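The values are calculated or read from the model by the stated rules, or taken from the named source; none is laboratory data. Here the structure is a predicted model, which is why all the values come from computation and not from measurement. Virtual Cβ from ideal backbone geometry, glycine too; neighbours counted across all protein chains shown.
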Amino acid sequence: MKKIVILLSIAVSAGWGCTKVDETVYDKYAANNFYGTAQGADVALAGVYAQIPGNWDGVGYAGADRGWYDLNSMSSDEQVVPHRTTGDWELDFARLYLRQWIPSESFINNTWNWLYKSVFTANLAIEQLVKANADPAKIAEAKVLRAFFYYLLIDDFGNVPFYTDNTLTVDKIPQASRTEVYNFIVTELTANVDKLSPTRGGTYYGRFNKWAGYALLAKVYLNAGVYTGTPKWAECIAACNKVAEGGFALHAGAADASHPLGFKYYELFGDVCPDDETILAIYTKADVVGRNIFTIRSLGGTDGTRILGYGAWNGSVVPKDYLQKFDDNDIRKRQFRFGPNPYGPQPSGFINYSIDITSLDNPGAAPNEGARDQKFFPVTPSSSGGASNDFPIYRYADILLMKAECLLRSGGDVTLAANLVTQVRQRAGLTALPGIPTLDNIYDERGFELSWEGHRRQDMIRFGKFLQAHGLAPAADNHFLLFPIPTAALNTNPLLTQNPGY
Amino acid sequence: MIKSRLLKPLLLCLLFSLGFSYSWAQDKTISGKVSDAKDNSVLENVTILVKNSNTGTKTNADGSFRLNIPSLPVTLIVSNVGFATQEIKITSTDPVSILLVNASSTLSDVVVIGYGTARKKDLTGAISTISSKDLNQGPVTNPLQQIAGRASGVSVTQTGSEPGTGPGIRIRGITSLIGGNDPLVVVDGIQGNMDLLRQVPPNEIESVDILKDASATAIYGSRGAPGVVIITTKKSKAGKTSLEYTGSTSFDVIPKKLEVLNATEWWEQGKIWGVPASANHGSGTDWFDILTQDGFTQNHSLSFGGGANGFNYRASVAAILQKGVVLRSDFKNYIGRIQATQKALDDKLTLTMNLNSSITNTKGSPQSVGRAAFTSNLISNSYVTRPTDPVYNADGTYFTDASVFQYINPYAVSQTVINNGETNNLFGSLRADLELAKGLTGGWFGSWRKVDANWGYYLPALSTVTYAIDNKGVANVSNNRQNERLMDISLDYKKKFGNHNLDAIAVYEWQNQTYQGNFAQAKGFINDIATYNALQLGDLSKVLPGDMSSYKNDRTIVSFLGRVNYSYATRYLLTLSMRRDGSSVFGANHKWGNFPSASVAWRVTDEAFMQNQKIFNSLKLRAGYGVTGNQQGLGPQNSLQLVGASGITYFGGQPITNFVITQNSNADLKWETKYQTNVGIDFSVLHNKLTGTLEAFTSTTKNLLFNYSVPQPPYPFGTIVANVGSLSNKGIELMLNYKAIDKKDLTLILAGNVSLLKNKVLELSGSINGVPLNTDYVPWGPNSYLIKGQPIGTFNIIRHLGKDNTNSETVVDQNKDNIIDQGNTSPDRVMEGSALPKYTYAFTPVLTYKNWDMSMLWRGSGGNKIYNNLRSSLSLFESLGKGNVFKSAVSLGLFTSKYGSDLWLEDGSFLRFENLTIGYRFNLEKLKYISGLRVSATGNNLALFTKYKGLDPELNVSGGNGFGGDGGIYPRTRSFAVGINVIFK
């Protein structure tokens, strides 16, 4: 019996000694400990910027597919991906262009999820930076980033859930009106942009410096009328003037035989966006930080092999009506590829793209239909999975045209407005417009200058053109001015109200 | 008697050589005769040993024996190969008559119940036992193939015949969504996941016990909820050496081919549908044909063993070699094992050691290749490749077409991609049982299992895969290590007093599973010579985030458990068990769970009032209720908010590592629990000719672990692992065994089983942190959903109508609002059945005539639907320009479809003639070295009766996300095998 007692007590003590079932984490950091350090706070801010480059699964501002960029570009008149008779391409791209989208489109869901994950990341960064007593400029930077995401949210979706504290539960996050969120953005920006660093380029390349902050504020004011019904033309002009204090100028447009498209102008869309004109850019290095697929997606397969050394996707094309507005002397027309090569001999394997597109969905376009765009002519490292061209979010040419538009709309100095437009036109190899520019002139000029840069839908809405018929797209109902709240979001949050008409 | 006289000295030599000493100084003689209990035929060569001595003898040709002993009484141990060993107490010198009972029939009498055994007649829970003689025969590569169709309520499904892939198993349906539905596998006490089965040589299995209801599985607590498969391997018997070889070779063919357009038909259709002539490359290639071949499966196993009083061992080596029916898909599995038992300390201590090592080599056909819009296994890519594409260009290089987005040449892939895996498995265990006092046994058990899986992959630019061309070759190696340790300490007390019989056990158990590994990748090779063997030869300037990584995580489970088996007068049986489990994977305050169970049984035929009835030879009623926990399917770390690396971000003028929150964390994660009630009847009627078991059960899983959808905002990710919903399963199972003919030379047994199962999602909504979660109509597969009140995987689908004048598919607008809403809860969707079969059945007759035996397995299931993804992708002419379509697409004439309609939803019912084995056992009395020889021929998958249009209706019915669809499978083969079994003297 003694033996038994001993054995039992061994068993029991062994048992008692091994009742720990705590979880050990070996290959990650616990969030609380990690962000609690000064280094963690810095990394939290860097993490917000990681949200911006475009990548697969529809994340990011621009660079890859099925995200914010496609939603805001393919729904305009500047580009579309037609279904092909060869069987390539799903029909949802064409639905965007034809204004037939439905709430379950991947573009819409991806954009929503990306923006709200970005807001979460920004909230996290702000919380951690404040906790760590970080440099106020960094806190301001994170707040401006959050305002940027909310601006993109109200621009696409109207009334959206609004929160600035990650610990809140969903019932505490009401769907705020577009005006309320607009007011938050304006307040947040005006309180913070002056705290941002005035440094251009260098360690601030790809970041919100003071000038990028004002450019964002100018954009918000420019569209205030659309968002709230109350235009803010004067405020937009003031913000544009603030940007100008940064010392920006238009990058040279001059002919340059060393560039594949023949002009220095296209350096704006190359490896590094030149900081004379670029206010805010997305740093891109394919497969490392984001990717830029825009030219690879556009060119035909063999053309890609011929020019770039790898197959291209035969995807996005420029609608004829959009392309035909360009003047033949406009160096910006060089971004397009159609017809036989007008700039030199026709190399073997060259695809002669027809400018006409016969069908977007059924039976689809023939393989060589539709003009192509090479504005972001691929820079290395590049492959059929994307190139490394940086992407300009804001550049000075845009600011000049915004200011000209506001001057015209608010009855300001029209001569100054004409001068601003002329600067942009002359850089592109064009002459000044005869007389004072009209709003339509500004609208068209924005199309020429900013094509495929993600501004077109917003511009079309502000100029009242969005619902009109264009190209192969018939006129559309009023409700298409806003995108629907994605089905998945409505499924998980019963407190959300769908936008009217969906 | 001459023979007998010669035999004695021989026997003596043998006994001496085995370490026995023989004493001539005996003063009492006992004698007797040993015969077979079945037919009273005498048994020769039976070993008779006097217990606790070295005295022994063997029976003569007439079954008789004589033995001198010093004094009475003695206990004789009577053993013979193929029979159950008996201990017989001899109190006088009167001749004794000993009847030996066939081992296989006694084996089914003992059932492994987890941390112990019980006699079948004492069972109170739902347990199916399959002994080695009832296992399916033929070219078996995984033990589950041996039990398919053999037990009710146990569904074994094999999806395709890809070498190295085993079948799936579900016991009593799908009771969890992500908590895990794979049963716990226990091999000689070692617990593991399904991959443990790969380490068991199929020919070395003595019996398989399947614990089905909660009262049986509760003893395994947290890991027992989806059921338990217990495998007991063969052991050597005392006093006898054995040497046995079993082998089979099978020839495997593809019984069914999916019909796609040939080159002529393709171009005829191409012209109709406006395919540009540039897409027609003028060749005529049957891609399926050039990617397939005849397969071979070989199975060899050699086992030997022996034993003496207090010691026995068994060793075996086995090889399973498969050459698949798709080019370059091979699998080899080599297993070696040794098992030894030693008694010591006056037989009070028993030590059992087990060592098992296996090496598997896989040459895998790539699993996930293809164009952006069609990613599948390699063989399914043969269907989508245009028949007019040549295999090679004129210059001998592989053909590819730059004008097709992400074109791949499947033949080039099969010839150039290298995907090799080697897995080294090692497990060992030691069990020590010490008799502490009469009836009280203390036990210690430790097991350690290590699995190292190493994969090398090389994707050369030659493969025509875009990613490989872009990167000039991609090579990677990945190494994954599992380290699973388990230790338990037990106390077992058995006591019989009067009519009371008590068996109680208490166990403390600790287990830890650690998973770690690393991955490295290089790209940009100047040639393809070194493949993945020298990553440093790649272009290291191209190293990207994701090209190297490593991980480690673990799980610890600590348990205290106890069980009491009590019976009164052999008629009234009671089992009570209680287990308390703690698991590291849950939130800090929810780590522990309690899992009790109780079951009772009543052996009605043992009652006095039943002695005069003639109907029942035996009748037992059983009922049980139990609670089990589930966590094995839940990965570690879900309860914590963690930061991991996610690529690179550009900040401060340079690219830096990007840190992100990796998941929505849930500090409230707790045990998923299953509450199960079981009632059963075991009966035997018609003079034991008809035996059967009828069972009914209901189970409800609560606190259902699931990836619930949560709103963004505020969550950064769309789902969170939480315990919210509940799920119910109800079923009826019937097993019958009828001895239609039972004569000396001719026996016919008709056996079969039927299981009916009803699954229902009770609740998917609830709240987390006090905030309501609105989760219903969760997509769970192609057009299938989790819908409250419906079975999981319910097809809620838009109904096909026809086509419009542009050949676009039209569908039924159910609510007539002129809008086809494709949302999950759309009123235009209608429910059209579930992906889960409602019934499964099997028929397993066995016929023996003299030395011949024949067995069959017919197996079927039905009541389920399959969404034929493959047919839906290969039936639309919109993609004809870049690919091919099925012949059936021509009559449909659809250009495109915006919908996933019920046009592609098909009946998944089937009946398969799965196995036919005919064997012959030679009479070999006269041979010097061979005591037994059996040859057999087996046909597998000989016929399939189904309306399903895909390759095979037996698809993934795991119940996991995505099941119920057919996106293209590796072909299920039909095989013809010959086998041999030799037992040496």
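What the table below lists for this structure:
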quantity	calculated
From B:Asp347, B:Asp330, B:Asp401, B:Asp395, residue being within 14 Å of chain A (Cβ to nearest Cβ) and among the acidic types (Asp, Glu)	B:Asp401
Some residue of the range B:600-609 being more than 30 Å from A:Val272 (Cβ to Cβ) and within 14 Å of chain A (Cβ to nearest Cβ)	no
A:Glu78 part of a loop (DSSP other than H, G, I, E, B) and either more than 9 Å from chain B (Cβ to nearest Cβ) or among the hydroxyl-bearing types (Ser, Thr, Tyr) (or both)	yes
Test: residue in the range A:362-378 that is away from chain B (no Cβ under 14 Å), surrounded by fewer than 21 Cβ atoms within 10 Å (Cβ to Cβ), on the phi < 0 side of the Ramachandran plot and in contact with a Lys or Arg (Cβ under 7 Å, 6 or more places away or on another chain)	no
Failed criterion for B:Ser92 (all others in (1) part of a strand (DSSP E or B); (2) free of Cβ contacts under 8 Å to residues at least 24 places away in the same chain hold)	(1)
Inter-residue pairs, beta-carbon under 8 Å, first within 14 Å of chain B (Cβ to nearest Cβ) and in the range A:200-220, second part of a helix (DSSP H, G or I) and acidic (Asp, Glu), 6+ apart	A:Arg207/A:Glu141; A:Phe208/A:Glu141
Any hit, the range B:526-538, residues being assigned to a strand (DSSP E or B) and touching a residue at least 60 places away in the same chain (Cβ under 8 Å)	no
Options B:Phe945, B:Phe913, B:Phe963, B:Phe976: the member that is within 33 Å of the chain's Cα centre (by Cα), among the aromatic types (Phe, Trp, Tyr) and part of a loop (DSSP other than H, G, I, E, B)	B:Phe963
Considering residues of the range B:568-584 that are surrounded by fewer than 24 Cβ atoms within 10 Å (Cβ to Cβ) and within 14 Å of chain A (Cβ to nearest Cβ) only, the residue nearest to B:Asp122 (Cα to Cα)	B:Arg580
Residue among B:Lys552, B:Lys495 that is free of Cβ contacts under 8 Å to residues at least 40 places away in the same chain and at negative phi	B:Lys552
Test for B:Val465: is it surrounded by 20 or more Cβ atoms within 10 Å (Cβ to Cβ) and in contact (Cβ under 8 Å) with a residue 24 or more places away in the chain	yes
Some residue of the range B:917-929 being surrounded by 19 or more Cβ atoms within 10 Å (Cβ to Cβ) and either closer than 26 Å to B:Ala263 by Cβ or of a type outside the set (Gly, Ala, Ser) (or both)	yes
Verdict on B:Ser236 being in contact with a Gly (Cβ under 7 Å, 6 or more places away or on another chain) and not charged (D, E, K, R)	yes
Qualifying residues in the range A:315-336 (those that are of a type in the set (Lys, Arg) and in contact (Cβ under 8 Å) with a residue 24 or more places away in the chain) - the one surrounded by the fewest Cβ atoms within 10 Å (Cβ to Cβ)	A:Lys325
Residue, modelled with the lowest pLDDT, within the range A:152-194, restricted to residues that are surrounded by 18 or more Cβ atoms within 10 Å (Cβ to Cβ) and at the interface with chain B (Cβ under 8 Å from one of its Cβ atoms)	A:Val170
Residue within the range B:867-890 that is in contact (Cβ under 8 Å) with a residue 40 or more places away in the chain, part of a strand (DSSP E or B) and basic (Lys, Arg) present	no
Count - residues of the range A:19-62 that are among the acidic types (Asp, Glu), exposed (fewer than 14 other Cβ atoms within 10 Å of the Cβ) and facing chain B (nearest Cβ under 9 Å)	1
Matching residues, the range B:318-352, being touching a residue at least 40 places away in the same chain (Cβ under 8 Å) and among the β-branched types (Val, Ile, Thr)	B:Ile320, B:Val325, B:Val326, B:Ile335, B:Thr341, B:Thr350, B:Thr352
Residue that is farthest from the chain's Cα centre (by Cα) [pool: residues in the range B:442-467 that are within 11 Å of chain A (Cβ to nearest Cβ) and over 19 Å from B:Thr375 (Cβ atoms)]	B:Ala461
Meets criteria (surrounded by 22 or more Cβ atoms within 10 Å (Cβ to Cβ), within 25 Å of the chain's Cα centre (by Cα) and not aromatic (Phe, Trp, Tyr)) for B:Ser250	yes
Test: residue in the range B:595-605 that is outside the structural domain of B:Tyr220 (by TED's automatic domain parsing), under 29 Å from the mean Cα position of the chain (by Cα), without any contact (Cβ under 8 Å) to a residue 40 or more places away in the chain and more than 30 Å from A:Glu23 (Cβ to Cβ)	no
Pairs, first more than 10 Å from chain B (Cβ to nearest Cβ) in the range A:102-124, second in a helix (DSSP H, G or I) and at pLDDT below 95, C-beta under 6 Å, six or more apart	A:Glu105/A:Asp92
Test: residue in the range B:611-629 that is within 14 Å of chain A (Cβ to nearest Cβ), touching a residue at least 12 places away in the same chain (Cβ under 8 Å), touching a helix residue (DSSP H, G or I) at 6+ places or on another chain (Cβ under 7 Å) and not aromatic (Phe, Trp, Tyr)	yes
Count of residues meeting criterion [within 12 Å of chain A (Cβ to nearest Cβ) and polar (S, T, N, Q)] in the range B:468-490	2
Count of residues meeting criterion [in contact (Cβ under 8 Å) with a residue 12 or more places away in the chain, outside any loop (DSSP other than H, G, I, E, B) and not polar (S, T, N, Q)] in the range B:273-294	5
B:Ser888 of a type in the set (Gly, Ala, Ser) and under 30 Å from B:Leu786 (Cβ atoms)	no
Sole exception among (1) of a type in the set (A, V, I, L, M, F, W, C); (2) surrounded by 19 or more Cβ atoms within 10 Å (Cβ to Cβ); (3) more than 37 Å from the chain's Cα centre (by Cα) for B:Val391, by number	(2)
Selection count, the range A:278-297, where residues are part of a loop (DSSP other than H, G, I, E, B) and crowded, with 24+ Cβ neighbours inside 10 Å	6
Of all residues in the range B:657-685 being among the hydrophobic types (A, V, I, L, M, F, W, C) and away from chain A (no Cβ under 14 Å), the one that is farthest from B:Ser597 (Cα to Cα)	B:Val685
